[in-house]
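The values are calculated or read from the model by the stated rules, or taken from the named source; none is laboratory data. What you see is a predicted model, and the numbers here were worked out from it, not measured in a lab. Positions of Cβ are generated from backbone atoms using ideal geometry, with glycine treated the same way; all protein chains shown enter the neighbour counts.
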Amino acid sequence: MRLCDVDIEKWIIKKKLIIDPLLNFKEINGATIDVHLSKNFRIFKNYSKKIIDLGGSPKKIKSSLKEHISNEIYIPEGKSFLLKPKKFVLGMTVERISTPNNLVGWLDGRSSLARLGLMVHMTSHRIDPGWNGNIVLEFFNAGEHILGLSPGMAIAALSFEILSGVSRRPYNYRKHSKYLNQSGILSSLIYKE
């Protein structure tokens with residue numbers, strides 16, 4: 001069962017669902033909560049080496065990824081990150097989300113931005129039970145125009161569903177949870193050493 005706006009507010013007030021900084025309840029509509037774009041971005045580089053071999057050894061994959069992913073960059077206040085057509089970049093939400101072990105969240109792009117060609121997540125739009133951290137956004141400009149992404153703008157919406165029971169293996173209990181408590185944009189290193 002998906003939570004409605006009234007229930008989302010109740011879960012936040014009871015601190016079962018934590019959103020920090022606490023948003024304005026006016027940004028909870030119907031069955032979603034707006035989340036906002038941070039100033040953090042991570043871009044890909046070395047396009048002359050177009051292959052990242054995902055079938056190689058863990059060390060080879062990690063080495064290959066390091067060649068393609070830049071350091072985190074920050075957009076100053078009042079400026080926008082310019083996402084060119086057919087380009088991919090990682091961003092992040094301002095809000096830090098913490099879900100209990102019986103709730104799963106879903107991230108969806110805003111239709112007004114999608115109609116301009118902006119994809120906010122490629123495939124990873126689930127926020128697992130037991131998740132804690134900022135949500136990394138996977139932007140792709142599928143349109144023909146350069147899109148300006150401004151820190152602080154409402155960028156996506158979250159909805160939440162109650163699970164049929166309490167998860168036995170939530171994200172925060174897994175031994176090798178790669179992105180638990182992330183506060184920056186972690187690239188996909190696929191394997192930890």
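Quick notes
- Residue ID - farthest from the chain's Cα centre (by Cα), chosen from residues in region 88-144 that are without any contact (Cβ under 8 Å) to a residue 40 or more places away in the chain, assigned to a strand (DSSP E or B) and over 19 Å from MET1 (Cα atoms): LEU118
- Among residues of region 5-24 that are under 20 Å from ASP128 (Cβ atoms), those with a Cβ under 9 angstrom from a residue that is of a type in the set (A, V, I, L, M) and assigned to a helix (DSSP H, G or I), sequence gap 6+ or separate chain, pair up as LEU17/ILE8; ILE18/ILE12; ILE19/ILE12.
- Applying the condition of being over 16 Å from HIS36 (Cα atoms) and not polar (S, T, N, Q) to region 106-126 and asking which residue is surrounded by the fewest Cβ atoms within 10 Å (Cβ to Cβ) yields ARG115.
- When region 1-28 is filtered for residues that are assigned to a strand (DSSP E or B) and under 30 Å from TYR74 (Cβ atoms), the ones remaining, listed by number, are ILE18, ILE19, ASP20, ILE28.
- The number of residues in region 73-87 that are under 21 Å from THR123 (Cβ atoms), more than 18 Å from the chain's Cα centre (by Cα) and part of a strand (DSSP E or B) comes to 0.
- Selection of region 145-167 for residues being touching a Phe, Trp or Tyr at 6+ places or on another chain (Cβ under 9 Å), among the small types (Gly, Ala, Ser) and part of a loop (DSSP other than H, G, I, E, B) yields SER150, SER167.
- Residue match in region 37-55 (condition: at pLDDT below 65, surrounded by 14 or more Cβ atoms within 10 Å (Cβ to Cβ) and not basic (Lys, Arg)): yes
- Taken together, the residues in region 155-193 that are at pLDDT 65 or above, exposed (fewer than 14 other Cβ atoms within 10 Å of the Cβ) and within 16 Å of the chain's Cα centre (by Cα) amount to 2.
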